[in-house]
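Notes to accompany the following structure.
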Amino acid sequence: MAFVVGGVSMAAGIGTASATTQDEPNAGATCLLPILPCEVQPSLAVPDLPIPNPLDSWSSAPTADDSWSPPPGEPEPSKKPDRPWKPADEEEHRMPQGHPETGAGGLVPEPPVWPFAAGGVALLAGAGLTGFAVRRGKGDTDAEGIAQAAHR
Amino acid sequence: MAGSKLIWAGAGVVSLAGVLLIGFGINGMLGDGVPESVAAAGPQVPHSLKATSLPSLDVPLDKVAKPMKAARPTAVYIPSIGVSAPLMELGLDAGGAIQNPPFDPPNLAGWYRYGAVPGGRGAAVITGHLDTKSGPAVFARLKDVKRGEQVQVLRADRSVAVFVVDRVEHTPKKSFPAKKVYGKIDYPGLRLVTCGGTFDRQAHSYRDNTIVFAHLAAPYYPKS
């Protein structure tokens, strides 16, 4: 009985798909039961598209010669020809421009940091001495002024 | 009063010394860097990346051998400086300059494939890095190679092209002798090229190139 109903529904073009398309944004799939016709909500405009018959022919299976694309996120594989190795012919010989750039400086020691540290300390000491000299000179001037005032 | 003058003088001297020291430090940062000498063991590379080293072979020094049949070069050996490194093929970059081997692994040299094959007629060119950003690389001691020493190139047909060094030149990069390095010669020759001289910190580049010129002394076919 089930086979008969299934065969009739298929012949009538009633599919079992539950997918939605962009053309029918709110049309929920209502044909989850394969033997019942899909319910179409009258308020929604459903385009009159042919429902694919599962018995229809489909694109042929890929053959070994077909090209394929890599999965998303994976780089395109390099296509290396299966030719045997061959040196460049004389007419293919080319003279490169400029010079080879074959060093990154890893053998060169880092410049020393101590001159900066010592120079900074010396500058601070010089500033301190200058301040001390200014204060001392000011003190001497004040003392001289006081002494002169007292002398008068 | 005299004490105050002395303090002023001391302050001036100490401040001047500070300025000079800082200037010395800045000069050291911007100036040339001289590479440190590398230990005799050569670049510190994982053993798995080293090719099996070959001993020096008994070959005539002055005789130039006939060209060998073309075969892909796979490794280079320089027994006198402890180099044994695999070879990769180098082409040209977009600007027409020779490509460089990658910095990693450091023990890797490159053969310029738009030139002669090592052992074949013409000048074969092999380049390698002097150093990486963190240490020595495959040709760190190339400048120590002397006239008469051997350079051996293993090829894919299991033959070895044994070269003998004719001379070592150090030339400024600004006047790189491209014709002498890549130009046509009528005998099987080899040129090994790396960087040399002082390091220009501003340009992030060495100022010179070290070039080893060699000729094919003998083909060698190891018995398997």
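Side notes on the structure shown:
- Residue list for segment A:88-100, filter: under 18 Å from B:P177 (Cα atoms), surrounded by fewer than 21 Cβ atoms within 10 Å (Cβ to Cβ) and of a type outside the set (S, T, N, Q): A:H93, A:R94, A:M95, A:G98
- Against the list (1) part of a loop (DSSP other than H, G, I, E, B); (2) under 30 Å from B:R121 (Cβ atoms); (3) more than 7 Å from chain B (Cβ to nearest Cβ), the condition A:E91 fails is (1).
- Any hit, segment B:170-179, residues being under 23 Å from B:A75 (Cα atoms), surrounded by 15 or more Cβ atoms within 10 Å (Cβ to Cβ) and either at the interface with another protein chain (Cβ under 10 Å from one of its Cβ atoms) or at pLDDT 95 or above (or both): no
- Out of A:G137, A:G103, A:G126, sole residue that is modelled with pLDDT of 65 or more, under 30 Å from B:K184 (Cβ atoms) and surrounded by 12 or more Cβ atoms within 10 Å (Cβ to Cβ): A:G103
- Only residues that are out of contact with any Gly (no Cβ under 6 Å at 6 or more places or on another chain), part of a loop (DSSP other than H, G, I, E, B) and not aliphatic (A, V, I, L, M) were counted across segment B:130-140, and they come to 0.
For every residue, the table says whether it meets (1) over 30 Å from B:T194 (Cα atoms); (2) outside any helix (DSSP H, G or I); (3) within 9 Å of chain B (Cβ to nearest Cβ).
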{"position": "A:P112", "(1), (2), (3)": "no, yes, yes"}
{"position": "A:L124", "(1), (2), (3)": "yes, no, yes"}
{"position": "A:G137", "(1), (2), (3)": "yes, no, yes"}
{"position": "A:D140", "(1), (2), (3)": "yes, no, yes"}
{"position": "A:E144", "(1), (2), (3)": "yes, no, no"}
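- Of the residues in segment B:10-24, at least one is modelled with pLDDT under 85, more than 7 Å from every other protein chain (Cβ to nearest Cβ) and more than 26 Å from B:R147 (Cβ to Cβ).
- Residue count for segment B:151-185, restricted to those that are assigned to a strand (DSSP E or B) and under 15 Å from the mean Cα position of the chain (by Cα): 8
- Total residues in segment B:199-223, condition over 22 Å from B:D62 (Cα atoms) and either more than 8 Å from chain A (Cβ to nearest Cβ) or not in a strand (DSSP E or B) (or both): 10
The values are calculated or read from the model by the stated rules, or taken from the named source; none is laboratory data. The structure presented is a predicted model; accordingly, all values stated were derived computationally and were not measured. Cβ sites come from the backbone with ideal geometry, for glycine too, and all protein chains shown count toward neighbours.
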